[in-house]
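In what follows, a single structure is set out as structure tokens and then discussed.
All of the numbers you see were taken from the coordinates with simple rules; none came from a lab. What you see is a predicted model; the values in this text were computed from it and never measured. Neighbour counts are summed over all protein chains in view; Cβ atoms, including those assigned to glycine, are modelled from backbone coordinates with ideal geometry.
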Amino acid sequence: MSGTELKPPLDGIRVIDLTRVLSGPFCSMLLGDMGAEVIKIESPGGDPVRGQGHHKNGFSWYFAGFNRNKKSVVLDLYSDEGRTDLARLLETADVLVENFRPGVLGRMGFPPERLEEINPRLVVASVNGFGSTGPYTDRPAFDFIAQAMSGFMSVNGPEGEPPLRAAQPVTDLVAGLYTAFGIVSALHGRNRDGVGQAVETSMVNGVLSMMAYLASEHFVTGENPQRTGNDHPLVAPYGLYNTADGQIAISPSNDQVLGRLLAEIGLPDLLSDPRFDSNDKRFARRDELHGILDAALASDTRENWILRLNRAGVPTGKIQTLKEVFADPQIQAQEMAIDVPHGDERGTVRMLGFPVKLSRTPCAARLPAPRLGEHTEEVLAALREGQVTGGR
């Protein structure tokens, strides 16, 4: 059987998506990319992101980039009719995803006990700022706040300078990734045990878990990690170095790789120099070491060093703008920018491709990002005519 004849891994899974903005829509898009049917429930005003970012042909490409492979159904969840329609949809669903503050869904009339009554096989996934327990449960949260309160922001920025926010909304994206992982894990458990369960990820917990070795060092020493800019907080040399015509990023991961770097740049004896013969010594004198490497690398161009050092087995690259990234033959070979026809006045929308590559059932943009309420009549008519079955 060829790959085109196989169904996507989440084919047959119905997801009711109550999320908006970023963390939740990113999660549900990942499920849709893997073949799930995602029904995005929107208020009559729509997801706020529909009005954000640059528009082309009257359409937000920002919205499109996080909402492909979804159907849009408009429901007023503050009306009896809207809540009734949602309850009937949940009877047919496998997954519910929401990113309200804890307790909001219950106040809408869908507390955990009612959800279990409606559909005991339902996997109920929540993405929020701080989690549903603890003193900060009711606080509003956006990425900037989560970066600040997770410790993530405290380690970003140049040494001796104030903390910096990561330029991308990492806490939203990490929370979305973890929630998608939790959902597919809960679905697997349901296949074994026959019942659904709740899945929760918070933006703070998600990005805190990415602090990994910095947290481990803190647990050992009791000290706070310091900001080191582009240098590694534990390893030297590591960072950006000057060549004859621009900077390159070099990350020797161990003494063996460092030896190859030093040999290639004409400093083969530096690793045995008593100033630099251990990582601890190199880290303590990393500014001095950085200057020595800069002087050696000034002998050739950036592109030549990238070729030479990679050929020698030393991880090396250049800082690329997004324009350069999408012109890069490696990125093009990986199809990380795709054009998705929208079949109307919106034309073709370019968006990021699929970072996960499946050999037999590759991800695909089966549906373009929907217009507001585009599928309301279709989905509700099928529901009322009994053309869908209960959650599997």
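When each of SER43, SER278, SER60 is scored by the number of other beta-carbon atoms lying within 10 Å, the sequence from fewest to most is SER278, SER43, SER60.
Using the alpha-carbon centroid of each, what span in Å lies between the range 89-123 and the range 7-83? Cα centroid to Cα centroid, the span is 17 Å. A prolate overall shape is assigned to the range 228-383, the ratio a/c of its alpha-carbon gyration tensor axes (a ≥ b ≥ c) being 1.5 or greater and a/b exceeding b/c. The value for the range 22-117 of Rg(Cα) / (2.2 N^0.38 Å) is 1.14.
Against the main long axis of the alpha-carbon atoms of the chain, helix 212-221 sits at an angle near 60°. In plain terms, if you count all Cα to Cα distances in the range 88-149 and split them into 5 Å steps from zero, the share in each step is 4, 17, 25, 22, 13, 10, 6, 2, 0 percent.
In order along the range 18-27, phi translates into HN-Hα couplings of 9, 8, 8, 6, 9, 4, x, x, 5, 4 Hz, rounded to whole numbers, per the Karplus curve 6.51 cos²θ - 1.76 cosθ + 1.60 with θ = phi - 60° and x for Gly and Pro. In terms of other Cβ atoms within 10 Å, SER126, SER216 run from fewest to most in the order SER216, SER126. Applying 1/(1 + (r/R0)^6) with R0 = 22 Å to the Cβ-Cβ distance of GLU91 and ARG371 gives a FRET efficiency near 0.25. Potential lengthening of the chain between LEU240 and ASP255 amounts to 3.6 nm, from the contour at 0.36 nm per residue minus the alpha-carbon distance.
Applying the Kirkwood pairwise sum to the alpha-carbon positions of the chain produces a hydrodynamic radius of 24.0 angstrom.
Take the Cα of THR301, step 7 Å toward its Cβ, do the same at GLU324, and the gap between the two points is 1.4 nm.
Cβ-to-Cβ counts within 10 Å put TYR78, TYR136, TYR178 in ascending order as TYR78, TYR136, TYR178, the fewest first.
Looking only at the range 145-166, which residues have a backbone nitrogen under 12 Å from a spot 7 Å from the Cα of GLN226 in the C-beta direction? Backbone N within reach: 159-161.
In the range 252-314, the C-alpha radius of gyration followed by the widest Cα-Cα span (Dmax) gives 11.5, 32 angstrom. Note on ALA312 and LEU352: the extension gain reaches 11.2 nm, defined as 0.36 nm multiplied by sequence separation minus the Cα-Cα distance. Simple spin-label estimate for GLN332 and ARG114 gives 5.5 nm between the two label positions (7 Å along the Cα-to-Cβ direction from each Cα).
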